[in-house]
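Read through the structure below, which is laid out as structure tokens, and then see the notes.
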Amino acid sequence: MHIAVLIKQVPNPDALAAVMSVDEASLKVVLPPGHPQVVSPFDEQALEAALRLRDQVGAAVKITAVTLGPDSARTALKQALSLGADDAVHIHDAALLDADSHVSAHALAAAIRKLGTIDLVLAGRQAADFDAGVVGLGVAEILGVPSVSFACGIEAVDGGVQVERVLQDGFETVQVPLPALVTISNELGEVRKPNLRETMRAARKPVAAWGAAELGLEASQLQPRSRRTRLFIPQKNTQCEFITGATAFEAGERLAQRLHDARVLG
Amino acid sequence: MAAEKNILVVAEATLGKLPPATYELLTLARRLKATTGGALGVVLLEEGDVDGASALAAYGVDVVYRAKCADFARLTSEARLPIVQAACEQAQPAVVLLPHGVLGAELGPRLAFRLDGGAATGCVDVVAQAGSIHCTRPCYGGLAREEQRFEHGPVVATVRAGLFELAQPQPGSQSSIVELPALDPSELRVALVKRESDAGDGPRLEDAKVIVAGGRGLEGPEGFKVLQDLAAELGAAVGSSRVPCDLGWCPHSWQIGLTGKTVTPDLYIAVGISGAGHHMAGCGNAKTIVAINSDPEAAIFQDARFGVVGDYREVVPALAAQVRKLKQA
Ligand SMILES: Cc1cc2nc3c(=O)[nH]c(=O)nc-3n(C[C@H](O)[C@H](O)[C@H](O)COP(=O)(O)OP(=O)(O)OC[C@H]3O[C@@H](n4cnc5c(N)ncnc54)[C@H](O)[C@@H]3O)c2cc1C
Ligand SMILES: Nc1ncnc2c1ncn2[C@@H]1O[C@H](COP(=O)(O)O)[C@@H](O)[C@H]1O
């Protein structure tokens, strides 16, 4: 089984609130120098899902990490390799730097076609920058393969994979034949840490660099569907009224009275 | 191009009823229609013998594209894709609106690519302006918002719950019905093996007027018992931040936030929740937010209308007891 895992590098999404601002003129997020770039958390979990499939099936599972991004995105691929991916593809082209979901999906789908016999594509449920959740499903549509989204578990079964997925009010288990695309959600759980042996080997694992021309992308596929016209941080104008008391208990009682007086208790 | 003014809403009737999300989308769709001057269509996925089409006629819907299926509820979004695609071929929409739930979040992007259009997920607003469609949506974990402009459509937008009023019937409106070809189950590739619900029997978070939600500050599953006592007094539903779900303190279906549920209660009481953007993305539109947190610097106090700084183990039982007294008085 050959698995392609789509991983995107994003600014570390934890604790962004304190450090992030936006430049409303250039429509870009502004972060302090040195703010870490990481593999988007759901994509880390997509890689983890691939590694678990290999734990289940054995060495016959080949894992290729694929990213579209600037020079720095190479670090994301290195991380995937040191976690156990066998090789990696870096789609790297000035023409693709500001790719929207449409262009990204076409570039990634073209790379998967070029890789040849991919049985399973794994993606994150959404990239932790723009939180779109579009690119993976777009790749499935372009490749004409079925998709299963919001997976929290995946295992190989006869003729395909069995996927457990998260619903609004529970879980469901589905089976899908391969080739297929599955998007992974955080409920998959903890991801493993790089181990020394794989990290040592990672340096020797191949990383291909492909541009738009090598992927054979046509003009229409490079044409974005959307343009960002605004990026802003919504203003908060709530004033918090702190309810106090001699003890926390008393504060709790007073809170009840205050909510009652404000007629918010219904 | 006259045809590219049309608006199409995807609706699903289960157990004989259209969900509130459909009526919210109709409000948005009618507003879009008023700007574009196009026709308003609804793709109606009907289970069994329900007659959702006549229910819709009163809401200013021009055409109902109807597909019937014995057991939609057992099928994944894959089953809906060819049906909605067929409706789009007839309706020629500029905008297709779907609820941003588990089904819509998968169906929407796939449909957008199938139609060679654009996708905008988790939108909080969609407007038609000077011949293009603009979608506003939260990004960066709810910390920021972006507006995207789409010049050529169709634009498939999934829309968050609870942001638009429920549409009211319009006197004198009439709609025609177009029957869509039936689903061919033999084409389906994703097969359901089993489904389990983890929602409790209390009020549903999506419908609740009052929600009490707990976070890591509860310090363990027992904390939810304390919240449940308060919720019982208030007739509230209980929810949580992502942390307790990940730690197994409560069911996953309780998660509120960017990747959990979007809720819009009148009153949201956040207990031991720090107020990360990811969490607020799911509850920031509550009418009144109350925060109970031991850290006076917690970000949640920037979103809260009322706050108590203190240990929830003392504050919450006192709040519950006093609410009971006030009710009795
Ligand atoms: C891509 C992505 C998506 C995410 N999606 C979601 C989502 O959908 N929903 C979500 O909630 N999170 C989500 N998260 C996680 C989010 O970033 C935060 O980590 C999470 O919301 C924090 O949960 P918390 O507030 O319960 O915990 P913490 O941030 O640890 O806060 C605990 C709070 O409890 C207070 N406290 C401690 N003890 C007590 C006590 N005895 N009494 C009262 N207060 C006390 C502390 O002062 C603190 O403020 C996501 C993260 C990422 C990266
Ligand atoms: N530039 C990219 N490189 C590799 N994978 C990507 C890229 N953009 C998106 N993806 C994949 O598609 C998923 C959804 O992304 P998005 O639609 O941007 O939210 C991500 O979790 C990744 O798995």
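Does the range B:25-33 contain at least one residue that is modelled with pLDDT of 95 or more and touching a Pro at 6+ places or on another chain (Cβ under 8 Å)? Yes - at least one qualifying residue is present in the range B:25-33.
Restricting B:G239, B:G214 to those that are within 18 Å of the chain's Cα centre (by Cα), within 14 Å of ligand 1 (Cβ to nearest atom), surrounded by 22 or more Cβ atoms within 10 Å (Cβ to Cβ) and more than 12 Å from chain A (Cβ to nearest Cβ) reduces the list to B:G239. Looking for something charged (D, E, K, R) and at pLDDT 95 or above - is there at least one such residue anywhere in the range A:233-240? There is no residue in the range A:233-240 that is charged (D, E, K, R) and at pLDDT 95 or above. Of B:G202, B:G220, B:G215, B:G153, all but one fail to be closer than 30 Å to A:V134 by Cβ and not assigned by TED's automatic domain parsing to the domain that holds B:A86; the exception is B:G215. Scanning the range A:133-147 for residues that are facing chain B (nearest Cβ under 8 Å) and under 14 Å from A:D119 (Cα atoms) yields a count of 3. Of everything in the range B:185-211 that's among the charged types (D, E, K, R) and within 7 Å of chain A (Cβ to nearest Cβ), which residue is farthest from B:T76 (Cα to Cα)? My answer is B:K209. Just one of (1) closer than 16 Å to B:A29 by Cβ; (2) away from chain A (no Cβ under 14 Å); (3) part of a helix (DSSP H, G or I) fails for B:A86. It is (1). The set of residues in the range A:143-175 being crowded, with 19+ Cβ neighbours inside 10 Å and more than 26 Å from B:D246 (Cβ to Cβ) consists of A:L143, A:V145, A:P146, A:G160. Taking the criterion of being more than 14 Å from B:P93 (Cα to Cα) and buried (at least 19 other Cβ atoms within 10 Å of the Cβ), the residues of the range B:24-42 that qualify are B:E24, B:L25, B:L26, B:L28. The condition of being among the charged types (D, E, K, R) and closer than 25 Å to B:H278 by Cα holds for only one of A:R225, A:R201, A:R165, A:R197, that being A:R165. Residues that are within 12 Å of chain A (Cβ to nearest Cβ), among the polar types (S, T, N, Q) and over 21 Å from the mean Cα position of the chain (by Cα) do occur in the range B:263-275, at least one of them.
Exactly one residue among A:L47, A:L68, A:L53, A:L31 is within 30 Å of A:F232 (Cα to Cα), of a type outside the set (D, E, K, R), out of contact with any His (no Cβ under 9 Å at 6 or more places or on another chain) and modelled with pLDDT of 95 or more, and that residue is A:L31. Looking at B:D116, B:D71, can you tell me which residue is over 21 Å from A:G144 (Cα atoms), of a type outside the set (V, I, T) and either in contact (Cβ under 8 Å) with a residue 24 or more places away in the chain or surrounded by fewer than 23 Cβ atoms within 10 Å (Cβ to Cβ) (or both)? So the residue among B:D116, B:D71 that is over 21 Å from A:G144 (Cα atoms), of a type outside the set (V, I, T) and either in contact (Cβ under 8 Å) with a residue 24 or more places away in the chain or surrounded by fewer than 23 Cβ atoms within 10 Å (Cβ to Cβ) (or both) is B:D71. Scanning the range A:1-38 for residues that are farther than 23 Å from B:P138 by Cα, among the small types (G, A, S) and surrounded by fewer than 18 Cβ atoms within 10 Å (Cβ to Cβ) gives a single hit, A:G34. Within the range A:96-132, restricting attention to residues that are assigned to a helix (DSSP H, G or I) and of a type in the set (D, E, K, R), the residue that is nearest to the other protein chains (Cβ to nearest Cβ) is A:R113.
Kindly establish whether B:F164 is of a type outside the set (S, T, Y), surrounded by 15 or more Cβ atoms within 10 Å (Cβ to Cβ), more than 9 Å from chain A (Cβ to nearest Cβ) and more than 16 Å from ligand 1 (Cβ to nearest atom). Taking the combined requirement at face value, the residue satisfies it. Among the conditions (1) within 9 Å of chain A (Cβ to nearest Cβ); (2) in contact (Cβ under 8 Å) with a residue 40 or more places away in the chain, B:T259 misses just one, which is (2).
If you take the residues of the range A:39-76 that are outside any helix (DSSP H, G or I) and more than 16 Å from the chain's Cα centre (by Cα), which of them is surrounded by the fewest Cβ atoms within 10 Å (Cβ to Cβ)? That would be A:A59. A residue that is free of Cβ contacts under 8 Å to residues at least 60 places away in the same chain, within 14 Å of chain B (Cβ to nearest Cβ), of a type in the set (A, V, I, L, M, F, W, C) and more than 16 Å from ligand 1 (Cβ to nearest atom) occurs nowhere in the range A:33-48.
Counting only strands (runs of 3 or more DSSP E) wholly contained in the range A:163-266, the ones carrying 2 or more residues that are facing chain B (nearest Cβ under 7 Å) occupy A:170-177, A:226-232.
Against the condition crowded, with 19+ Cβ neighbours inside 10 Å, away from every other protein chain (no Cβ under 12 Å) and part of a strand (DSSP E or B), how does B:V126 come out, does it pass? Criteria met by B:V126. Which ones in the range A:1-32 are more than 12 Å from ligand 2 (Cβ to nearest atom), of a type in the set (S, T, N, Q) and either part of a helix (DSSP H, G or I) or more than 12 Å from chain B (Cβ to nearest Cβ) (or both)? Listed by number, the list holds a single entry, A:S26.
Just to be sure, is B:G60 assigned by TED's automatic domain parsing to the domain that holds B:R149, buried (at least 18 other Cβ atoms within 10 Å of the Cβ) and within 17 Å of B:A157 (Cα to Cα)? No; evaluated as a whole, the condition is false for this residue.
Annotation note: Cβ proximity below 6 Å between a residue of the range B:102-113 that is outside the structural domain of B:T262 (by TED's automatic domain parsing) and in contact (Cβ under 8 Å) with a residue 12 or more places away in the chain and a residue that is charged (D, E, K, R) and buried (at least 24 other Cβ atoms within 10 Å of the Cβ) (sequence gap 6+ or interchain) occurs for B:L107/B:R80.
The values are calculated or read from the model by the stated rules, or taken from the named source; none is laboratory data. Bear in mind that the values here come from a model prediction, so they are computed numbers and not experimental data. Cβ coordinates were reconstructed from backbone atoms using ideal geometry, including for glycine residues, and neighbour counts include every protein chain displayed.
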